[in-house]
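Following: one structure in structure tokens, then a few remarks.
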Amino acid sequence: MVSALEIKHVSKTFKNDQESILVLKDLHLTVNDGEFVSIIGPSGCGKSTLLKLIAGLDLEFDGKIIVGNHQVSGPSKDRGFIFQEHRLFPWLNVENNISGNLSLKNQDTRKRVDDLIALVKLKGFERVYPRQLSGGMSQRVAIARALLRNPDVLLLDEPFGALDAFTRTHLQEALLEIWERNKTTMVLVTHDLDESLFLSEKVVVMDAKPGSIKAIVPIEIPYPRSRTSKSFQELRSHILNLLDHHPQDKEDWSI
Amino acid sequence: MSAQTIAQNEQLVMSERKKQAKIAKSALRGTFLPLVVLIAWQALGSAGILPVQLFSSPSLIATAFIDLVKSGEMAGHLQISLTRALLGFALGGFLGLLIGIIVGMQKKSEEYLNPSIQMLRTVPLLAITPLFIMWFGFGELSKVLLIALGAFFPLYLQTFLGLRNVDKKLYDVARILEYSRLEKITKLMIPAALPNILLGIRLALSSAWMCLVVAELLGADRGVGFMIQDARSFMQTDIVFVGIIIFALAGKISDSFVRFLENHLLKWQDSFKA
Ligand SMILES: Nc1ncnc2c1ncn2[C@@H]1O[C@H](COP(=O)(O)OP(=O)(O)OP(=O)(O)O)[C@@H](O)[C@H]1O
Ligand SMILES: [Mg+2]
């Protein structure tokens, strides 16, 4: 298998005025091309920090991050990023938010934006401004915006965390659909163990203080998955056991 | 999905209509008090209770206005006043916008320029007027410069504030979408700062009018301000009122113009939905 993303001995230290905090310690992870990986771990263990490093938003770290044979040297359209908050530009309507700096006068862009609007089920809302959208709709616009750039890797930082259970399930299914269709490599950070089990082929369990990888659990359940199936439940308790070694973090888990 | 969309759109249109009806009603209510004042003023003047010499009356003011328009005197004064105001506003506004953009975008230029500008800002403009007259005389230059100074500060300040307060999180988005340096300025910073810039334009306009009045009252041989001063020395109260009304109207019209711009450019904002 070709690897889409290689994280080699990555450590990250935040330096304040006096002290320096080791946030990520010697991370090692390979993500295959087209693979769906989730990262799960207690709050503050450095999941967002790791995604930012992969995105190239922060270049001050030790170790190497290689995406598609190239060492990361800055942000790029090839690595789409979906933030916890939608981060749409409030002064642009839905279609202009999706196109961003690409011109909608371009026939090809126009068509692809229309297709994506259909894909994220926002037909009829092309001219609507973000303030008129619900949280779930905004997040779908953000997903379409990232997909328009045809990223090789899509980085998702708790994208559905702020949504209600119903919308969340709907968007999880939409994301699976997109993944199965486009074969985009997905790296999903989540607080929600069920979400990671439902979506991913591999769950990376992280540990805090300092942030490090505790275990990598392959999820070998065929899609579409049922949250009530026996194998689902077994893997769930297995990962919960892994996490249970830190009773003080227990309350951080949404189950 | 599409049925739902249509229903939502319809709802939007309906609420828009209701809003417009509400606005019309509240506008009507707003004209009530001025009308009462006008009628009372005219009645008291005609009845001889208010001395017309000092307080004039609506009908006298209207007559004076018509006479001034007919004789072409009004057009002459208005033209010179408008020219001064526009020149001064254009000069000061342009510099305010330009320096505001530079200082708002570059940390270094902020450190060099902002403290000095903020210090100058606290000096009351009227206190500088005598200096301007000493340096630039009673001619057009001192007037235009005073107006420019009045327009400069609000626009500088708001542009700078707007650019400084651009949501930092949106920069990360622009970087990931590979916006060029120019695109970051034109497609992120300027639109994000636009509400502040428009507010700055509005404040700059009202400040420019203020400075115009001051400059023309202090010493001029033409212009609406001069017309007021001249009429005052001859106790022509009705013409004084005409001048005041002209200034008020000019302020109102320029303010409405900016509001019009806001309604068009900021329709993405909550508060500009109407
Ligand atoms: N810019 C920064 N400067 C200093 N410390 C930081 C900075 N950003 C993050 N940290 C620290 O790094 C640690 C990891 O933060 P990060 O946001 O990556 O956690 P996380 O795993 O995403 O947490 P959560 O699940 O709550 O989002 C935290 O202890 C945080 O305080
Ligand atoms: Mg986080």
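FYI, it's all coordinate maths here, none of it is from the lab. Since the model is a prediction, treat every value here as computed from it, not as a measurement. Reconstructed Cβ throughout: ideal geometry from the backbone, glycine too, with neighbour counts over all protein chains shown.
So what is the orientation-averaged projected area of the range A:108-205, using the convex hull of its C-alpha atoms, in nm²? Can you show the working numbers first?
Working: hull surface 26.0 nm².
It is 6.5 nm².
Across chain A, Cα-Cα pairs more than 21 Å apart make up 60 percent of the total.
Distance between the pseudo-spin-label points of B:ILE245 and B:VAL37 (7 Å out from Cα toward the beta carbon): 1.3 nm. One equal scatterer on each Cα of the range B:181-274, no solvent, Debye formula: the resulting log10 I(q)/I(0) at q = 0.13, 0.18, 0.19 Å⁻¹ is -0.60, -0.83, -0.88. With the simple model of a label 7 Å out from the Cα in the direction of the Cβ, B:GLN269 to A:GLU180 spans 4.6 nm.
Of all the Cα-Cα pairs you can form in the protein assembly as shown, what percent are over 37 Å apart?
So the portion of pairs separated by more than 37 Å is 51 percent.
Each of B:ILE133, A:ILE117 was scored by other Cβ atoms within 10 Å of its Cβ. Listed from fewest to most, they are B:ILE133, A:ILE117. Remark: relative contact order (chain A) = 25 percent; criterion is Cα-Cα distance under 8 angstrom and separation of 6 or more residues.
A Cα-only calculation for chain B places Rg and Dmax at 23.9, 76 Å. Angle of helix B:32-46 to the longest C-alpha principal axis of chain B, folded into 0 to 90 degrees and rounded to 10: 10°. Dipole size of the range A:18-122 about its Cα centre, with +1 on Lys/Arg Cβ and -1 on Asp/Glu Cβ: approximately 340 debye, rounded to the nearest 20. Compare A:PHE125, A:PHE166, A:PHE89 in a GNM of chain A, Cα atoms joined below 10 Å, and give the one with the largest fluctuation. With Cα springs under 10 Å in chain A, the top fluctuation among A:PHE125, A:PHE166, A:PHE89 is at A:PHE166.
For a quick check, take a GNM of chain B with Cα springs below 10 Å and name the residue from B:ALA85, B:ALA248, B:ALA21 with the largest mean-square fluctuation. Looking only at B:ALA85, B:ALA248, B:ALA21, the biggest GNM fluctuation is shown by B:ALA21. Considering only B:LEU38, B:LEU217, B:LEU60, the mean-square fluctuation computed in a Gaussian network model of chain B, springs between alpha carbons under 10 angstrom, is largest for B:LEU38. The ranking of B:VAL123, B:VAL224, B:VAL240, A:VAL2 from fewest to most other beta carbons within 10 Å of each one's beta carbon is A:VAL2, B:VAL123, B:VAL240, B:VAL224. To the nearest 20 debye, what is the magnitude of the charge dipole of chain A about its Cα centre, counting +1 on the Cβ of each Lys and Arg and -1 on the Cβ of each Asp and Glu? I would put it at about 760 debye. Each stretch of four or more DSSP H residues adds -39500 (n - 2.57); spread over every residue of chain A, this sum gives -10000 deg cm²/dmol at 222 nm.
Evaluate the charge dipole of chain B about its Cα centre and quote only its size in Debye, nearest 20, assuming +1 on the Cβ of each Lys and Arg and -1 on the Cβ of each Asp and Glu.
Numbers: 26 positive and 18 negative charges, 182 e Å.
In debye, rounded to 20, chain B gives about 880.
Subtracting the Cα-Cα distance of A:LYS77 and A:ARG227 from their residue separation scaled by 0.36 nm leaves 50.6 nm. Full extension of the chain between B:GLN11 and B:GLN53 gives 9.4 nm of extra length, using 0.36 nm per residue less the Cα-Cα distance. Here's the picture: charge each Lys and Arg Cβ at +1 and each Asp and Glu Cβ at -1 in the range B:72-265, and of B:LEU145, B:VAL214, B:MET134 the one pushed furthest to the positive end of that dipole is B:LEU145. With just the Cα atoms defining each centre, how far is the range B:7-49 from the range B:127-201? Give it in Å. One Cα centre to the other: 35 Å. Remark: for residue pairs A:LYS183/B:LYS168; B:LYS187/B:LYS267; A:LYS8/A:LYS209; A:LYS15/A:LYS64, the C-alpha separation exceeds 25 Å in A:LYS183/B:LYS168. Label reach from A:ASP62 (point 7 Å along Cα→C-beta): in the range A:3-45, amide nitrogens under 16 Å belong to A:8-16, A:20-28.
With the convex hull drawn over the C-alpha atoms of the range B:1-133, the volume per residue is 282 Å³.
What is the sum of charges, Lys and Arg at +1 and Asp and Glu at -1, for the other residues whose Cβ falls under 12 Å from the Cβ of B:MET189? Intermediate results must be reported in sequence, preceding the final value.
Working: positive: B:ARG164, B:LYS168, B:ARG181, B:LYS184, B:LYS187; negative: B:ASP167, B:GLU183.
Result for the neighbourhood of B:MET189: +3.
Using alpha carbon centroids, what distance separates the range B:232-274 and the range A:111-141, in Å? Cα centroid of the range B:232-274 versus Cα centroid of the range A:111-141: 40 Å apart. In a DSSP loop and with at most 14 other Cβ atoms within 10 Å, the GluC sites (Glu not before Pro) in the range A:137-244 are A:GLU220.
Given R0 = 35 Å, the distance between the Cβ atoms of B:MET119 and B:ASN165 translates into a calculated FRET efficiency of 0.95.
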